[in-house]
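Worksheet: the structure to be examined is printed underneath.
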Amino acid sequence: MPQPGQALLRLREHLHQTRLLGSINSALYYDQNTVMPAAGADWRGQQLALLATQLHERQSSQVYADLVEAAEEEINGQAPASTVRNLRLLRQELERQRCLDPKLVERIARAQSRGNAVWQEARRRNSFEVFAPALEELLQLRREQAAQLADTEPAGRSPWEILAQPFEPDVSKARLAELFAPLAEGIPPLLERVCSLSPGEGFAPEASGVAEATAIPEPLQETLCAELLESWGYDPTRCQRSRSAHPFSSTLGPADFRITTRVVPGQPFSAFLATAHEWGHSLYEQGLPRGDDHYFPWPLGEATSMGVHESQSLFWECRVARSQAFASRWHPRFTRAMGGDPWGGSHHFWRGLNPMRPGLIRVEADELTYGLHIVLRFELELALVEQGLPVAELPELWNRRMGELLGIRPQRDAEGCLQDIHWAEGLFGYFPSYALGHLISAQLAETMERQLGPIETLVGSAEELRLQRWLAQTVWPLGRSVNGEELVSQVTGEPLSATPFLTYLSDKVDRLLEGA
């Protein structure tokens, strides 16, 4: 008979090996999106498909099922709550994996790699027709996946809701509609206020005499991004920053954290703000409860949800890097580097960081209009996955809804439905997490300020590390012990609501318009 605890130890070793395979998959993905030559896409697809098959086998095999069952029997209800929670999450994921056909898992992995490569080519050629067949294939495969998983889900959960569970556990379309409705009601009046300054454009930099796109040379942008990371605790022995077509953050190992950014012509602050955003993701990853001698094998060491993940990146991008206090501190750095002050003072520099006008590109969108970008994608995902929208009609519907929601229409596919990588990888159900991230960030920030004082004051005193410590003590350790909404309730004492975010937006608009 094994000694007490041996079943858990054997399970832990199995999970450790699974995590090693998963980290190899992440390393290949990072390489694919940063330095891999385009001609390597087919071979990379085969590599990723092989790994996906092996991972699925490890997570669905009878050997693994026996390990989980033995561990459940070993604790027999007599274990710390964390162990019980870990085993419950492992059991849930095991049942999901065992419902999936291994051949479907392999087909999805190949389609994702192929979709990524075709999407990049379609963007370069500004041609949705190039991408459409790959999108059609991914939609069909994900529908098959949702159908296979249906037996493991609560009754009544729709295909889109099933696909969204890995990103936002327990999410429902009804709850999202409840949370997003106040945004649809509260944001347009704020947008009308800022648009009244410069009809048809909103609060653009030129409205205050600043050039539309004050050119910051690319090498200087790189230097400023590096200075930002250094001031926020970037450790080059554990972290690395590269370029990619779409900014992202990736964790490759227990001491290997990667982020990517991009320089966008005509968007002088894009790389700087993307760096702040992706570093927020990485800080969260570095702060999750993974402090043991294995590569975070247990579910509790994973992110609570992608909405919480996004709340952390948005906190550092929006509440810190776009704040007035931060602009006052960093304005001298930018002007020294530029050899002059094209913004005409720190207040206009702050306005440059917060243009507050409708734009075509989601990742460049301001806080005011960002939620409407997510509403658009949420609607179209539902139409594609559940409502039979033909793929060929996506560009026109995208452009029409952009006009209705934001008053602007893309002239090129690359600025419309080809701008995001998510659908190229079949990540249907992810987009609402971005809007949830704004809501969660605002509500957590209210609690933070009650305990620490105004964020603007702390940022003005260069005390960002105090903010980081609060998050490290209050938010990051929770991991998968709760879902996103439970985390908000536990930390703030209130259910998740759009009110704190709308209050924050209203206050910010008031301050941006002062003296306009």
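The values are calculated or read from the model by the stated rules, or taken from the named source; none is laboratory data. Nothing here was measured: the structure is a model prediction, and the numbers come from that model. Every residue, glycine among them, receives a Cβ derived from its backbone with ideal geometry; neighbour counts consider all protein chains shown. To get the accessible areas, we keep the full protein, side chains included, count just its heavy atoms, and leave off ligands, DNA and RNA. Shrake-Rupley method; radii C 1.70, N 1.55, O 1.52, S 1.80 Å.
Table for the structure above
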item: Segment 63-135, accessible area per residue, ligands and nucleic acids excluded (1.4 Å, Å²); result: 51 Å²
item: Per residue, in Å², the accessible surface of segment 372-516 once ligands and nucleic acids are set aside, probe 1.4 Å; result: 37 Å²
item: Helix 324-338 axis, angle to the chain major axis (alpha carbon atoms, nearest 10°); result: 70 degrees
item: Segment 221-328 - percent of accessible surface contributed by carbon and sulfur, probe 1.4 Å; result: 50 percent
item: Whether segment 106-189 is rounded, prolate or oblate, judged on the alpha carbon gyration tensor where a/c under 1.5 counts as rounded; result: oblate
item: Debye log10 I(q)/I(0) at q = 0.05, 0.06, 0.10 Å⁻¹ for the chain, Cα point scatterers; result: -0.20, -0.28, -0.82
item: Approximate spin-label separation residue 242-residue 91, in nm, with each point projected 7 Å along Cα-to-Cβ; result: 4.0 nm
item: R0 of 22 Å, Cβ-Cβ distance residue 184-residue 483: FRET efficiency to nearest 0.05; result: 0.35
item: Inter-probe distance in nm under a simple model that places probes 7 Å from Cα toward Cβ, at residue 121 and residue 341; result: 5.1 nm
item: For the chain, share of DSSP beta bridges that run antiparallel, in % to the nearest 5; result: 50 percent
item: Projected-area average for segment 40-116 over all orientations - Cα convex hull basis, square nanometres; result: 5.9 nm²
item: Sum of -39500 (n - 2.57) over DSSP H runs of 4+, divided by residues of the chain (222 nm, nearest 500); result: -20000 deg cm²/dmol
item: Helix 128-149 vs. the chain, principal-axis angle (Cα, 0 to 90°, nearest 10); result: 40 degrees
